[in-house]
Amino acid sequence: MAKRAFITGLTGQDGSYLAELLLQKGYEVHGLVRRSSNDPFVRLSEIKKNIRIHYGDLRDLGALHRALSAAAPDEIYNLAAQSDVGISFKCPEETMEINYYGVGRLVNVVMELNSAICIYQASTSEMFGKTNPPQNEKSPFQPVSPYGEAKLKAYEDYVVNYREKHGLFICSGFLFNHESPRRGEHFVTRKITLSLVKIKLGLQDTLELGNLEARRDWGFAGDYVRAMWQMLQQNKADDYVIATGQDHSVRDFVKAAAKALNISLLWEGKGLEEVGKNKENGKVVVRINKDFYRPVEVDHLLGDSNKARTVLGWQPKVSFDELVSMMVEADLKHYSRDLVHHENTFFNQPSQSK
């Protein structure tokens, strides 16, 4: 009989890659989805027919109970969250409601229905916050955002506590930044690739960003969901840092994306006045906007994933440059196709006589 997996956050970037992986491994995949007036399945169009959908979210205890009772999973992957760090400063109560209390509802339903279910809880590198890099499983947690604080509280109360006191098989992955062509457009990496593609195609003039010097350990989401699955295949529940071990600045990401698009940038100025100009025509391509700075900035995240590489046998397959190129190519393909379609529609319209 096929193993059953239940994914919260199914329609997000990680949920879509994880669902593909589990289907490839022969799982019966169930997913929790919030009702929406827009199509939530855009990332799952090719595999939706193979997934069993349950409607609800982490705020609704009754919906969680009904969904898990119907799915009867062997494994649960809790990927649902208010996942935008910047938004967490503006909506701290919502962030705590979903990222902390939602986890509590989920694990308590599991304890009631079947405490033998294996659970993966999505933690985050933002929990390390101001801790000096490199960060690993023994590094102190010093979150500086409501997002990081809610994730840390969920980890302490529902991962560590329920594992130690109740014997629940629950693992936590401290995933460092992971991106893909499916990344939400409001995240900085996707904002960069989308904007530069539009600038290349003449659809946009300038890219505005906040702190260009923030450094992150960026990897490919498809690599990171493999680690989630591997954690639940172990004999002992444990926690792991998942990261590439290489860091780059936001400026580096812009440069790599511009290079992939053959946009030559000349960096000028300092501080908030700094701009990146196109060397060929002198037009401003990148502008700093202080409104995009966070109230408290995490300057440097760099993961040490030696434990995951040793115990799980996990390692990333996609390099930083390959990741950026993958994202740029996907956005360029999408917007080039849309541009051609728009032009064909415009020029092929029948003429109207007065």
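The values are calculated or read from the model by the stated rules, or taken from the named source; none is laboratory data. Computed from a predicted model, the values in this text were never measured in an experiment. Cβ atoms come from the backbone with ideal geometry, glycine included; neighbour counts cover every protein chain shown. For the accessible areas, the whole protein counts, side chains as well, though only heavy atoms, and no ligand, DNA or RNA atoms are used. Shrake-Rupley method; radii C 1.70, N 1.55, O 1.52, S 1.80 Å.
Remarks
- Within the shell defined by Cβ-Cβ distances under 15 Å, the residues around residue 7 carry a net charge of +3, with Lys and Arg each +1 and Asp and Glu each -1.
- 27 Å Cα-Cα threshold exceeded, pairs from 279/333; 130/198; 283/333: 130/198
- Taking the chain and dividing mean pair separation by its residue count, relative contact order in percent (alpha carbons under 8 Å, at least six apart): 16
- Mean Cβ count within 10 Å, highest first, over the residues of peptides 323-336, 290-303: 323-336, 290-303
- Distance cut-off 19 Å, percentage of C-alpha pairs in the stretch 197-325 lying past it: 59
- Rounded to 10°, Cα long-axis angle of helix 61-71 versus longest principal axis of the chain: 80
- FRET efficiency for residue 206 and residue 138, using Cβ-Cβ distance with R0 set to 41 Å, rounded to 0.05: 0.40
- Cα long-axis angle, helix 250-260 against the chain (0 to 90 degrees, to the nearest 10): 60
- For the chain, a Kirkwood hydrodynamic radius built from all Cα pairs, placed in the Stokes-Einstein relation at 20 °C and 1.002 mPa s, yields a translational diffusion coefficient of 99 µm²/s.
- Rounded, prolate or oblate (a/c below 1.5 giving rounded, otherwise prolate when a/b exceeds b/c) for the stretch 109-194 by Cα gyration tensor: oblate
- Positive dipole terminus of the chain, leading residue within 308, 103, 67 (C-beta point charges): 67
- Apportionment of accessible area to carbon and sulfur, the chain, percent (1.4 Å): 47
- Farthest toward positive dipole pole in the chain [+1 Lys/Arg, -1 Asp/Glu at C-beta], among 201, 17, 155: 201
- Peptides 62-71, 165-174 ranked from most to least packed, by the mean per-residue count of other Cβ atoms within 10 Å: 165-174, 62-71.
- In terms of distances greater than 25 angstrom between alpha carbons, the cross-link table entries 3/48; 25/236; 3/307 yield 3/307.
- Each residue of the stretch 305-314 is assigned a 3J(HN,Hα), and the resulting list reads 9, 4, 4, 5, 5, 7, 7, 8, x, 8 Hz, derived from the Karplus form 6.51 cos²θ - 1.76 cosθ + 1.60 (θ = phi - 60°), x at Gly and Pro.
- Relative to the dominant Cα principal axis of the chain, helix 13-24 is inclined by about 60°.
- Summed over the residues of the stretch 1-92 and divided among them, the accessible surface reaches 48 Å² per residue at a probe radius of 1.4 Å.
- Shape annotation for the stretch 1-140: C-alpha extents along the principal axes are 46, 36, 30 Å, from largest to smallest.
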